[in-house]
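Undergrad: Take a look at the following structure, please.
The values are calculated or read from the model by the stated rules, or taken from the named source; none is laboratory data. This is a predicted model, so every value here is computed, not measured. Methodologically, a virtual Cβ is constructed for each residue, glycine included, from the backbone with ideal geometry; neighbour enumeration extends over all protein chains shown.
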Amino acid sequence: MKKNSIALLIGLFAFFHLSAQVSIKMPEGFTYSIFADSLGRARHLVVSEKGDVFVKLEKLKNGNGIYQLKDQNGDGVADSYKGFGNYTGTGIGINNGFLYASSDEGVYRYKMTNNEVDDVNAAEKVVTGLVNKNQHASKSITFDKQGNIYVNIGAPSNACQVQDRRKGSPGMMPCPILDSAGGIWKFKNDVPLQSYNNGTKYATGLRNVVGLDWNKEVNDLYVMQHGRDMLFQFYPDLFTQQEGAVNPAEEMFRLKQGSDAGWPYCYFDNGKKQKLLNPEYGGDRNKIDICADKTKSIIQFPGHMAPNALLFYTGTMFPAKYKNGAFIAFHGSWNRSPEPQEGYFLVFVPFKDGMPSGDWEIFADGFAGDKKQPGAATYRPTGLAQGPDGSLYVSDDQKGRIWKISYNK
Amino acid sequence: MRFIFLLLLSFSVINAQSQAINKQIMSTGKDVFSLYCLACHQEDGTGVPNLNPPLVKTSYVLGDKKKLIGIVLNGFQEKVEINGEFYSNVMAPHDFLTDIEVASVLTYIRNSFGNKASAVTAAEVKIARKAINN
């Protein structure tokens, strides 16, 4: 009896021990280390030329919204955590000798010297007063080579209905939200206190973008849009439960000044393989209407997988096929239930001359652990950054883990 | 016939508080939940981190029934803190549900996902709805 109890205890321990371990599956030759852990809601991250990781938190940890992580002995695991910045947010980046970090209303910057922040208490506000109505409030950032910063301002809405997320409520025409949100705004990277009056609406018709990156090879802005929710729940006559789970597409856009990706009027139908009129605007899964003139996405993915980071790989550590291709961190779906959820992985898309040159593939999977469900997932990939040696860093906002992925020839 | 059924149903809802939770109410509640709540709050009521609040053992679900009925009828637009976490998504008003549907779904939620609390009656929903409309 006693023997049995001990065996049971050992069995239980082994079970829980195993289930608490999450191993990431990647292609042959790739390895990872757990670079940092337990940072809480770790969102985007950036790596300095010296190899320090700066990560932005959506929830303060010990009163800090940014952490600088150093790996002084070079074993792939951070051995020093230093926190600063008493505001929460998502975006972070290094540009032209400054560290930039966003709150849900604006963007701050800190002067850097030799890859260190001069004064963590001397934040200068570069952008201020952006729309923050909780829904889709995170402000992701990226930079071009001409001294400009691009900021996503997500639409605080699902489909610009008169009553947001209410079944049967019609879409507003024109959608007034687009005046101050639902697009990418462009600002100077060195002018204090800019807002709508001195920024440019660079691209519009984007419901919410969390993952975006400036492609330095072709000098264009690329973004991943989070597609709308509730197609099956609101329009069961047009979409089956399964069709609602995979629609609309999550889309990647290559943007130019003045691009209009079509939200809230249009969505990309994965079944019909084209941009169609949203049902809130009279769409019936056949009508194209005004959507014919909107900017087309360059690659589409199954619905609701929530692309939270986009990174064009410019390093030389990974095999040649990865050079200038796109890594995407899919946070993982929720609007598929009760159908099985999808995402919670990293995807790679090969590129040639700034356009996809092959099918997308799952690059790294297993972050969620046993359950691909939003609440029960062990980890959810949220941020991507490239190290100076060409390694790839991945952040998680479920528990605050950071992985460092390397390739060994 | 349908009227008599509804009458009987509402009668049983009114009496549910003093009894074990009525199976029919739970079944109606589950149907309403699947149709209008499940997409956001998830099948097991655990919600979505940062977006859609969990319904598992929270003060909102187990506490003041009037407040809870109000959330269903009015929707919920503010960023809300529950057990130290914030939730930001918008819940639309569900005032198109009948008193019995609201009572059933709330009774279901208060007695599922590990929750155990008294039933919500159609009469309580009726009073709350009147207070909102006035």
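Undergrad: Please give the strands (runs of 3 or more DSSP E) falling wholly within the stretch A:27-73 in which 3 or more residues are among the charged types (D, E, K, R).
TA: A:53-61
Undergrad: Taking A:F98 as the residue in question, decide whether it is under 29 Å from A:V218 (Cα atoms) and within 18 Å of the chain's Cα centre (by Cα).
TA: Criteria not met by A:F98.
Undergrad: So in the stretch A:200-259, with the set limited to residues that are within 22 Å of A:E342 (Cβ to Cβ) and charged (D, E, K, R), which one is farthest from the chain's Cα centre (by Cα)?
TA: Once the filter is applied, the top-ranked residue is A:E243.
Undergrad: Step by step: first the residues of the stretch A:142-167, then only those that are outside any loop (DSSP other than H, G, I, E, B) and free of Cβ contacts under 8 Å to residues at least 60 places away in the same chain, then the one that is farthest from the other protein chains (Cβ to nearest Cβ). Which residue is that?
TA: Per the stated criteria, the residue is A:N148.
Undergrad: Taking the condition within 14 Å of chain B (Cβ to nearest Cβ) and either surrounded by fewer than 24 Cβ atoms within 10 Å (Cβ to Cβ) or under 30 Å from B:C40 (Cβ atoms) (or both), does A:S138 pass?
TA: Yes, satisfied.
Undergrad: Something else now. For residues that are more than 7 Å from every other protein chain (Cβ to nearest Cβ) and on the phi < 0 side of the Ramachandran plot, scanning just the stretch B:34-50, find the one that is surrounded by the most Cβ atoms within 10 Å (Cβ to Cβ).
TA: B:H41
Undergrad: Further question on the same structure: Is the stretch A:305-325 home to any residue that is in contact (Cβ under 8 Å) with a residue 12 or more places away in the chain, within 14 Å of chain B (Cβ to nearest Cβ), crowded, with 23+ Cβ neighbours inside 10 Å and touching a helix residue (DSSP H, G or I) at 6+ places or on another chain (Cβ under 9 Å)?
TA: no
Undergrad: How many of the residues in the stretch B:51-60 are more than 8 Å from chain A (Cβ to nearest Cβ) and either touching a Gly at 6+ places or on another chain (Cβ under 8 Å) or in a helix (DSSP H, G or I) (or both)?
TA: Result for the stretch B:51-60: 6.
Undergrad: Right, here's the next one. Consider only pairs whose beta carbons are under 9 Å apart and that are at least six residues apart or on different chains; among these, list those whose first residue lies in the stretch A:222-235 and is closer than 28 Å to B:S34 by Cα and more than 10 Å from every other protein chain (Cβ to nearest Cβ) and whose second residue is among the hydroxyl-bearing types (S, T, Y) and not in a loop (DSSP other than H, G, I, E, B).
TA: Between residues of the stretch A:222-235 that are closer than 28 Å to B:S34 by Cα and more than 10 Å from every other protein chain (Cβ to nearest Cβ) and residues that are among the hydroxyl-bearing types (S, T, Y) and not in a loop (DSSP other than H, G, I, E, B), the close pairs are A:G227/A:Y267; A:R228/A:Y267; A:L231/A:Y267.
Undergrad: Hey, any hits in the stretch B:76-98 for a residue that's at pLDDT 95 or above and more than 14 Å from chain A (Cβ to nearest Cβ)?
TA: yes
Undergrad: Additional query: Just checking, how many residues over the stretch A:159-184 are over 21 Å from A:N215 (Cβ atoms), out of contact with any Ser or Thr (no Cβ under 7 Å at 6 or more places or on another chain) and crowded, with 24+ Cβ neighbours inside 10 Å?
TA: Going through the stretch A:159-184 one residue at a time, the tally reaches 3.
Undergrad: Can you tell me which of A:A42, A:A36 is under 24 Å from A:Q135 (Cβ atoms) and of a type in the set (A, V, I, L, M)?
TA: A:A42
Undergrad: Check whether at least one residue in the stretch A:275-292 is closer than 30 Å to A:L45 by Cβ and not in a strand (DSSP E or B), and report yes or no.
TA: Scanning the stretch A:275-292 turns up no residue that is closer than 30 Å to A:L45 by Cβ and not in a strand (DSSP E or B).
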